[in-house]
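Since the structure comes first, as structure tokens, the remarks are kept for the end.
The values are calculated or read from the model by the stated rules, or taken from the named source; none is laboratory data. Computed from a prediction, not measured in an experiment: that's the story for all the values here. Cβ placement follows ideal geometry from the backbone for every residue including glycine, while neighbour counts extend to all protein chains displayed.
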């Protein structure tokens, strides 16, 4: 099974002011991401407010992304839902429309507390799209599924034929590395924390990443990878430190899903507001965030349309 080498972006879902999905920006969005060094997208996930979309909206978004991306650009569809039958429906649809892969986090309700429960959940979704690689999206801060990913790999090994790997968005670089080493790197461990990409590269991981801040800071995160490949540690370190400065700014404004999405407006791609119950930024907050970004010279280094 192919392993991903490079950066996959987790895009935001564009909305109109009334909260309806706006599908029109997606072709320009896809082209911008490729231009700035991305090799694919992981749609309808946490950055895309996937759990706040209807199944029909998620299907239409998947169709639009698959139809809009440049040749060779990977589209992985997040299909997680609190209703397993909806996840199965979304996975089947992703395979039918020609998506590259599917993935799912554990549902936020009910909480999954045992490995066997998680394996069964993944198994049914993966079986609905047997021709596509399936990735488990490990983000326990969102769903309380604080389970060992090494134990998950052991449990799915030989049981889920199209289980490709894990999108690992958690703080334990030790566990992440142990998963990378499992059976001489059998599974594709996609690094999911933009702020520790360089540390993981030093361990031998982060060959493939799924990132949120690459929406607007992808040039710098891709630059970390390139500098590392060239053996230029100082350049890689500077770009990682700068990327952390950008994350520090968005953390002042409710994080990537809210603050990060508003940054896209600064770049000339207005993706609209967030859905309720997210609290959208005020004009005053927007101005304050722009000022903080200017202070770190973000606009000299950010993604370009």
The listed residue being out of contact with any strand residue (DSSP E or B) (no Cβ under 6 Å at 6 or more places or on another chain), touching a residue at least 12 places away in the same chain (Cβ under 8 Å), part of a loop (DSSP other than H, G, I, E, B) and buried (at least 18 other Cβ atoms within 10 Å of the Cβ), out of 48, 19: 48
Anything in segment 274-293 that is under 19 Å from residue 242 (Cα atoms) and exposed (fewer than 12 other Cβ atoms within 10 Å of the Cβ)? List them, or say none. 291
Could you tell me whether residue 170 is surrounded by fewer than 18 Cβ atoms within 10 Å (Cβ to Cβ), without any contact (Cβ under 8 Å) to a residue 60 or more places away in the chain, in contact with a strand residue (DSSP E or B) (Cβ under 8 Å, 6 or more places away or on another chain) and closer than 21 Å to residue 43 by Cα? yes
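One line per residue, one yes/no per condition, for (1) at pLDDT below 95; (2) more than 21 Å from the chain's Cα centre (by Cα):
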site	(1), (2)
99	no, no
104	no, no
110	yes, yes
116	no, yes
120	no, yes
124	no, yes
129	no, no
132	no, no
Subset of segment 267-305, residues part of a helix (DSSP H, G or I) and without any contact (Cβ under 8 Å) to a residue 40 or more places away in the chain, comes to 283, 284, 285, 286, 287, 288, 290, 291, 294, 295, 299, 300
Conditions (1) in contact (Cβ under 8 Å) with a residue 40 or more places away in the chain; (2) in a helix (DSSP H, G or I); (3) surrounded by fewer than 22 Cβ atoms within 10 Å (Cβ to Cβ) -> residue 86 fails only (1)
For segment 223-242, does any single residue satisfy the condition of being crowded, with 23+ Cβ neighbours inside 10 Å, assigned to a helix (DSSP H, G or I) and in contact with a strand residue (DSSP E or B) (Cβ under 7 Å, 6 or more places away or on another chain)? no
For segment 209-220, does any single residue satisfy the condition of being in contact with a helix residue (DSSP H, G or I) (Cβ under 7 Å, 6 or more places away or on another chain), without any contact (Cβ under 8 Å) to a residue 40 or more places away in the chain and either surrounded by fewer than 18 Cβ atoms within 10 Å (Cβ to Cβ) or closer than 26 Å to residue 27 by Cβ (or both)? no
